[in-house]
Structure formats: structure tokens, C-alpha cells
1. Condition check: crowded, with 16+ Cβ neighbours inside 10 Å, in contact with a Phe, Trp or Tyr (Cβ under 7 Å, 6 or more places away or on another chain), modelled with pLDDT of 85 or more and within 21 Å of residue 14 (Cβ to Cβ). Does residue 128 satisfy that?
2. Just to be sure before I move on: is residue 39 more than 13 Å from residue 7 (Cα to Cα) and either surrounded by fewer than 21 Cβ atoms within 10 Å (Cβ to Cβ) or of a type in the set (Lys, Arg) (or both) in the structure I sent?
3. When the residues of segment 154-174 are filtered to those that are not in a strand (DSSP E or B) and not hydrophobic (A, V, I, L, M, F, W, C), which remaining residue is surrounded by the most Cβ atoms within 10 Å (Cβ to Cβ)?
4. Against the condition within 30 Å of the chain's Cα centre (by Cα) and either assigned to a helix (DSSP H, G or I) or over 17 Å from residue 155 (Cβ atoms) (or both), how does residue 213 come out, does it pass?
5. Going through segment 184-210 one residue at a time, which ones are of a type in the set (Val, Ile, Thr) and either in a loop (DSSP other than H, G, I, E, B) or surrounded by 13 or more Cβ atoms within 10 Å (Cβ to Cβ) (or both)?
6. Where in segment 1-82 are the helices (runs of 4 or more DSSP H), entirely inside, with at least 1 residues that are touching a Cys at 6+ places or on another chain (Cβ under 6 Å) and without any contact (Cβ under 8 Å) to a residue 40 or more places away in the chain?
7. I need a count of the residues in segment 24-50 that are β-branched (Val, Ile, Thr) and over 20 Å from residue 61 (Cα atoms).
8. Is it the case, given these coordinates, that residue 181 is within 14 Å of residue 144 (Cβ to Cβ), at pLDDT below 90 and either of a type in the set (A, V, I, L, M, F, W, C) or buried (at least 20 other Cβ atoms within 10 Å of the Cβ) (or both)?
Amino acid sequence: MLSIVICEDNSLLLEYYQEYISNYICVEDMYAQVYSSYTSSLSFIQELSNIPTPALYLLDVEFPEGPNGLKLAQEIRRHDPRGFIVFITAHDNIMNKVFEYRLEAMDFISKSNPDILCERMKLCIKQAYTRYCSNNSNTPALSAKTDWGKCSVPTHEILYICTSKRAHYLKIVTKDTTYEVRGTLSTFSQRLGTKFWQCHKAYLVAHEYVEFIDPKEWLVHLTNGSICPLSRRYYSTYINANKHGGSG
């Protein structure tokens with residue numbers, strides 16, 4: 001998933017960017033999200049190491065306190081060399097400094113014209129997403145239908161899949177988000193193969209994220225802290241598969 005990060009000291013503008021971008025990636029059916037947003041450059045620096053890479057960063061240049069956008073971009077390059085940096089600013093004279101700092105910015109968008117700002121922002125998101133997908137084109141993904149269109153979820157990001165309260169719907173749970181999609185657990189189990197294990201009639205878990213199994217409490221603990229139910233029937237299947245080396 002492409003993470004989009006915004007750092008803008010104007011809280012009203014920040015809220016507008018968040019809503020506009022979230023709507024755009026939903027309409028375009030992108031496997032992306034606004035991962036985090038900040039009004040303080042100091043807060044951004046403190047959280048930078050937790051941001052998944054590569055990410056798209058939309059940065060203001062001037063902040064009332066703390067490092068400016070150019071300094072943020074330098075820190076980003078240390079953390080995320082392949083990240084996409086876009087400056088959204090009222091200061092049109094920063095381009096030379098960006099080249100001087102060797103920051104390899106994707107774009108410089110002026111705040112002076114809101115209509116152009118939005119179009120340029122969409123173009124940057126589209127370009128970053130295209131490049132992100134191109135770099136991850138060999139990653140196996142699970143395609144599914146949602147109420148708003150199709151989604152494609154890299155299988156290595158899926159923690160587990162479970163039935164939804166809605167009939168004929170499932171929930172695909174990843175490290176970052178949850179998708180509600182149409183389908184049946186048996187169909188998805190066949191499509192995903194031996195890297196996933198059905199631990200319960202309503203749950204399918206990824207082997208790589210199973211931390212430990214508690215057969216006394218009939219629970220499956222995952223590495224991110226999630227807990228899934230375990231049934232006797234499927235536990236027996238798991239034990240037999242491991243005995244014959246069939247768990248992948």
C-alpha cells in the first residue's frame with residue numbers, strides 16, 4: 001500500500017488535503033491511504049521512522065517552529081531514499097534550494113491558485129502510485145470486489161480474512177487497513193493456497209503472521225497482537241499438515 005503523509009502547519013488546509021486526497025484515492029480505486037498528517041514539523045520528525053516506505057510526502061516549507069520543509073526532506077531522504085517528495089508552498093523561490101540540497105523533489109505546487117493546486121496534487125498522487133505499482137508489479141496480490149469497486153491487496157500484507165456480519169461479505173485485514181469484500185472463505189482459501197490456513201469456519205490466517213497457537217484456549221495469536229478463534233477440526237488439519245510438511 002502506498003502511504004501518503006502530509007505536513008502542513010495550517011490545520012484548515014491540512015483537513016482539506018486529507019479529505020480531498022482520501023476521496024480521490026477512493027474514486028480511483030488506488031491501493032493507497034493517507035497514513036498520517038502533521039501540523040508540526042517536530043512531530044513529523046519524531047514519527048518519521050514509523051512511516052512505511054516508500055511513501056509520498058506532501059510538505060509545506062515554512063513552519064512557525066521546528067525544522068523547515070527542506071530540512072524535513074533531508075531527513076526523509078535518509079529514511080526513505082525512494083520516497084516521493086512534493087512541496088506545497090506559498091514560497092515560489094525554493095526550487096534552487098531544493099536542487100542545491102539534492103532532494104529530488106517530484107513537484108513544487110504553489111498555494112496561490114487552489115484549483116491548480118488540486119489538479120497538480122492529483123497528478124502527483126497518480127504518478128507516485130504508478131511508479132509504486134511498477135516497482136511492486138511482481139508482488140502477488142488478491143483481487144476482490146468491494147462496494148466502491150475493485151481492490152488489489154498484496155498477499156504478503158494480509159494478516160487474516162474473516163466473515164463479515166453482512167451476508168456474502170468478508171473482511172480482509174492487513175497491517176494498515178481492513179477491506180470489506182464480496183466472496184466466500186472457501187473460494188479465497190483456494191485462491192491463496194498453502195501460505196494461508198483456515199483455523200476456524202469463519203477465519204483464514206497467514207502462516208507467516210502466526211506467533212503461537214493456544215490449543216487450551218482455542219486461540220491463534222498473530223504477530224501484530226490480533227487474536228483469531230481456533231476450532232478443533234481445523235487444528236487437527238494444521239497438525240496433520242505440519243507432520244507432512246504441507247503448511248508451506
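The values are calculated or read from the model by the stated rules, or taken from the named source; none is laboratory data. A quick note: this is a predicted structure, and the numbers were derived from the prediction, not measured. Neighbour counts are summed over all protein chains in view; Cβ atoms, including those assigned to glycine, are modelled from backbone coordinates with ideal geometry.
1. Taking the combined requirement at face value, the residue satisfies it.
2. Judged against the criteria, residue 39 is not a match.
3. Among those that are not in a strand (DSSP E or B) and not hydrophobic (A, V, I, L, M, F, W, C), it is 157.
4. So residue 213 fits the description; yes.
5. Within segment 184-210, the first condition is being of a type in the set (Val, Ile, Thr), and the residues that meet it are 184, 187, 194, 205, 210.
Once the filter is applied, which keeps residues that are of a type in the set (Val, Ile, Thr) and either in a loop (DSSP other than H, G, I, E, B) or surrounded by 13 or more Cβ atoms within 10 Å (Cβ to Cβ) (or both), segment 184-210 yields 184, 205, 210.
6. Working: elements: 11-27, 41-47, 69-79.
Those helices (runs of 4 or more DSSP H) span 41-47.
7. Qualifying residue count for the region: 2.
8. yes
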